[in-house]
Every structure is written in C-alpha cells, then in structure tokens.
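Working notes, structure below.
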Amino acid sequence: MMATAQLYCVCRQPYDVSRFMIECDICKDWFHGSCVEVEEHHAVDIDVYHCPNCDVHHGPSLMKKRRNWHRHDYTEPDDGSKPVQAGTSVFVRELQARTFPSGDEILQQMHGSQVTQRYLERHGFRYPIAVHKMEGLGLRLPPPDFSVKDVERYVGGDKVIDVIDVARQADSKMKLSAFVKYYYSPQRPKVLNVISLEFSDTRMSELVVVPDIAQKMSWVENYWPDDSYFPKPFVQKYCLMGMKDSYTDFHIDFGGTSVWYHVLWGEKIFYLIKPTSANLALYEEWSSSPSQSEVFFGEKVDKCYKCVVRQGTTLLIPTGWIHAVLTSQDCMAFGGNFLHNLNIGMQLRCYEMERRLKTPDLFKFPYFEAICWYVAKNLLETLKGTDIKPCAGTIKSQIHYSQWIICKKNN
C-alpha cells in the first residue's frame, strides 16, 4: 500500500520543490508564500512568522529590526567594525561620490551603419562601442513609452522571474505580476532589479529584432544544428527592469560572451575595466575571496572607466571586459549575449576561469562546450575545402585550443 503524501498549507497540497514555502513558528506547518501573501524576498525580513491561523491567537508576525544600512545582513550591530558591502544604500551613495576616468577614453563612438562584421574583422572588436542612434544597426525595439506593465501584458503575469534584492545582493523568485505591482507601488522599501528575463519564448519576442552584428556573428545563430541533441541556447533577448539605485557588482558575462545593450528609457552607468592579463588575474583572485562584497574591485586595478548610457544609446561590450552597472534612475533596457569568431581565445579563457571558480551551471553559458564542438567542426570542414595549410593558420590553433579544453574536462 502506497504511503499517503503529507499535505501542507491552507491549500492542503503536497510539497512542491518549485514553490517557495515558509514555516509557521507556532504550529510548525509549512505554507506556500503565494497562498499566505508572503513574497520570498519579504520572508527574510520576518523574525517570527505566524500563519493566518496562528496570528488570530498570537498576533501578527514579528519583523526583524534594522540596525545598519551598510551590511547585507541589516540586523548586524552598527558598531563600525565591519566594512560597507556592495549594493547597500551606503555603498551606492559612496559609489556616486567616487571619481573615475571618463569612458570616452576607451569608447568607440560609431554610427549604426558603421558597425558591420567586415569592419570588426578588419579592425578588431577589442573596445566597447557606443551608438547613440538606432538607425543602421538593424535593431528593432518597442517605442520608448513601452512600460513595465506592457512587459507583463506580452510576457504574462504568471511567469516566474528571478529578482535581485539589491541591498542584500540576493536572488529570489516571484511572479512577474507581483514585481510589476511592487514596481508601481507608492512605497518601495526595497530596491529590486530584474536582469535575467529572457523572453525569446514569449509574445514580446516579436517586438524585438537584435542588432545585425549580433545576429550575423553569433555562433549559436550560425552553427547550432537543427538536429542537435541539446536544446538551443536562448541568450539574445533579455529585458532588464531596474529600480533606481540598482547595482550589479563587477562581473564578466558568461562564457566571455560579448553583449549588446540598449537603454529604452532611464539611465545606466557602466564601470568598465579592460581585460588585461593582470586585471583578469586580479579579478579571479577577488571573485574567489570570502570578502568579495566588502572590496570595491574598481580600486584594485589601474583604471576603471565610468560610462553613462542614456536613453536611446546602444552599447556593445567585447569579450572579457569586467564591468559593474549602477541604475541611476528607473530604467528599462534590452540586451543579449553572443559568442563569435573574433575573440575565441578570450572566450575560452573566461570559460576556464568559470571552471576554476566553480561557477554554478545556472550562471554559465548553456552548453558552451557543445557550441565549441559545432564551431570547430564547421571550421575544419571549411579548411578541408581550401588550399590553406592547417599549420599556417591561427584557426587551427584556436580549434586545437577549444578541443584541448573540452577533452581536458572529459578526461
């Protein structure tokens, strides 16, 4: 006779690992946050939780008391013994007061029609490119009055999204409808940031056409076979919705991907660091440090450039560039990631770093090794049909390098 599954919550349903639950500190029963109107990001503020049944007799839940504004755990005593952590309100205030070299020193200012595959193959793609008008990029987006509510209408309010509580630099899940409701609420005690809403599988995908350069150079778009055993990665269409003072700490985009980024409305500030060997070594050391959140990485390198990206501007960031992002005012942006042929060595170097740092699969480029194989196979077949001697070309060394990395893991 099969055992009966234990039932929980006011809905009396069995445990579901995909749904957030909270335990009542009185009756010890577990409740779905959605059933008792407790969002996951709010649950961390509850010190003692009373479920709807127990609060009748024991009163409302008890909330944690704030003791500081500079630590991820705001209940820590504010005795001056611990440094400021990234994302907190004190950190953001200090960041805005810092001075940086201007991004104009490293930005390539270009017209959309100039950003072509031929140009980048001839001149390289080693520095960020800023395009202030969309014309000529092949980029199509919703109009500038497209709102957060419109995103909900096209994507669906029931879609569960990842939301970052900026002051804690912690991720939680909530329905898009709940995020939209909070976004428009008159009081927003928390700064929430959405940076990973990939919408290729929604109706909103029809409103967005990625830039020609990202489409034509993308490994996934050009080399991923229709009959692949693995599902095709969708990383080219993200919608980013950030509240004022949202902050994303220094990072390199997964797999060393290059990025296109367009601010539809609002404003973002990028803090850009060139991926020199010295800077990458410092970045890896910082990323693996237990005190990472207490150290501003921009101070560890020779130069960290400040680049203000305003409404209507498109930014293209090359492989490996280390960057942090501050949302200086409420903002909606669109963007995407792509691997390509121009910086294969750096892409592989970034992937190797991710492996050494034991980056969770959730934060790595989907099926990175598979796409490397597909590209290598295509390049080998191309070489067979030419008079190029393999030993004379850089392509051969890049292929061997990618195969070596893949084989190293398999062995």
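Numbers at a glance
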{"item": "Listed residue pairs exceeding 30 Å between alpha carbons, taken from Lys190/Lys237; Lys82/Lys358; Lys65/Lys358; Lys237/Lys377", "result": "Lys65/Lys358"}
{"item": "Sparsely packed chymotrypsin sites (Phe, Trp or Tyr not before Pro) within segment 142-202, loop by DSSP, other Cβ within 10 Å at most 14", "result": "Tyr184"}
{"item": "Among Ser218, Ser147, Ser277, residue whose mean-square fluctuation peaks in a GNM of the chain (springs only between Cα atoms under 10 Å)", "result": "Ser277"}
{"item": "Convex hull (Cα only) mean projected area of segment 103-370, reported in nm² to one decimal", "result": "14.1 nm²"}
{"item": "Residue-normalised accessible area of the chain, expressed per residue, 1.4 Å probe, Å²", "result": "52 Å²"}
{"item": "Choice from Lys268, Lys303, Lys159 showing the highest fluctuation, given a GNM over the chain with Cα pairs closer than 10 Å", "result": "Lys159"}
{"item": "Cα gyration tensor shape for segment 285-361, rounded if a/c is under 1.5, else prolate or oblate", "result": "oblate"}
{"item": "Lysines whose Cα lies under 25 Å from that of Lys384, excluding same-chain neighbours fewer than 8 positions away", "result": "Lys216, Lys396"}
{"item": "Whole-number percent relative contact order across segment 197-352, with pairs defined as alpha carbons under 8 Å at least 6 apart", "result": "41 percent"}
{"item": "10 Å Cβ shell holding at most 12 others, DSSP loop, GluC sites (Glu not before Pro): longest site-free stretch of the chain", "result": "136-411"}
{"item": "Stretchable slack from Glu352 to Val56, in nm (0.36 nm times residue separation minus alpha-carbon distance)", "result": "101.0 nm"}
{"item": "Gain on full stretching of the segment that runs from Leu383 to Asp302 - 0.36 nm per residue minus C-alpha separation", "result": "25.0 nm"}
{"item": "Cα-derived Rg over Rh, computed across segment 199-299 with Rh taken as Kirkwood radius", "result": "1.01"}
{"item": "Environment charge at Asp47 (Cβ cut-off 10 Å; Lys +1, Arg +1, Asp -1, Glu -1)", "result": "0"}
{"item": "D_trans [Stokes-Einstein, Kirkwood Rh over alpha-carbon pairs] for segment 253-310, 20 °C, 1.002 mPa s, µm² s⁻¹", "result": "162 µm²/s"}
{"item": "Point-to-point label distance, Cys27-Ser89, nm (Cα→Cβ direction, 7 Å offset)", "result": "3.6 nm"}
{"item": "Dipole magnitude of segment 103-370, debye to nearest 20 (Cβ charges: Lys/Arg +1, Asp/Glu -1, about Cα centre)", "result": "320 debye"}
{"item": "Leading residue at positive end of dipole, the chain (Cβ point charges), from Pro144, Thr4, Thr116", "result": "Thr116"}
{"item": "Net charge over other residues, Cβ less than 9 angstrom from the Cβ of Lys159 (K, R count +1; D, E count -1)", "result": "-1"}
{"item": "10 Å binning of all Cα-Cα separations within segment 16-159, expressed as whole percents from 0 upward", "result": "8, 18, 18, 25, 17, 10, 3, 0"}
{"item": "Spatial separation of Cα centroids for segment 1-30 and segment 202-243, in angstrom", "result": "39 Å"}
{"item": "Which of Tyr238, Val44, Ile129, positive extreme of dipole for the chain (C-beta unit charges)", "result": "Ile129"}
{"item": "Around Ser61: net Lys/Arg minus Asp/Glu count, Cβ-Cβ under 9 Å", "result": "-3"}
{"item": "Percent accessible area from carbon and sulfur atoms, the chain, protein chains only, probe 1.4 Å", "result": "52 percent"}
{"item": "Segment 7-63: Rg to Rh, with Rh as the Kirkwood radius over Cα pairs", "result": "0.94"}
{"item": "Where labels lie 7 Å past Cα in the beta-carbon direction, separation of Lys64 and Ser289 in nm", "result": "2.5 nm"}
{"item": "In nm, spacing of pseudo-spin labels at Leu7 and Asp227 (7 Å Cα→C-beta vector)", "result": "5.1 nm"}
{"item": "The chain - percent relative contact order, Cα under 8 Å, separation 6 or more", "result": "16 percent"}
{"item": "Potential lengthening between Ser200 and Gln114 on full extension [0.36 nm per residue; Cα-Cα distance subtracted]", "result": "28.2 nm"}
{"item": "Isotropic mean projected area of the C-alpha convex hull, segment 1-99 (nm²)", "result": "9.8 nm²"}
{"item": "Neighbour cut-off at most 13 other Cβ (10 Å), DSSP loop, trypsin sites (Lys or Arg not before Pro), segment 355-385", "result": "Lys358"}
{"item": "Selection of chymotrypsin sites (Phe, Trp or Tyr not before Pro), segment 8-117, meeting DSSP coil and at most 16 other Cβ within 10 Å", "result": "Tyr15, Trp69"}
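The values are calculated or read from the model by the stated rules, or taken from the named source; none is laboratory data. Just so it is clear, the structure is predicted and the values come from calculations on it, not from any experiment. No Cβ is skipped: glycine too gets one built from the backbone with ideal geometry, and neighbour counts run over all protein chains shown. The area values use the complete protein model at the heavy-atom level, side chains included, leaving out ligands, DNA and RNA. Shrake-Rupley method; radii C 1.70, N 1.55, O 1.52, S 1.80 Å.
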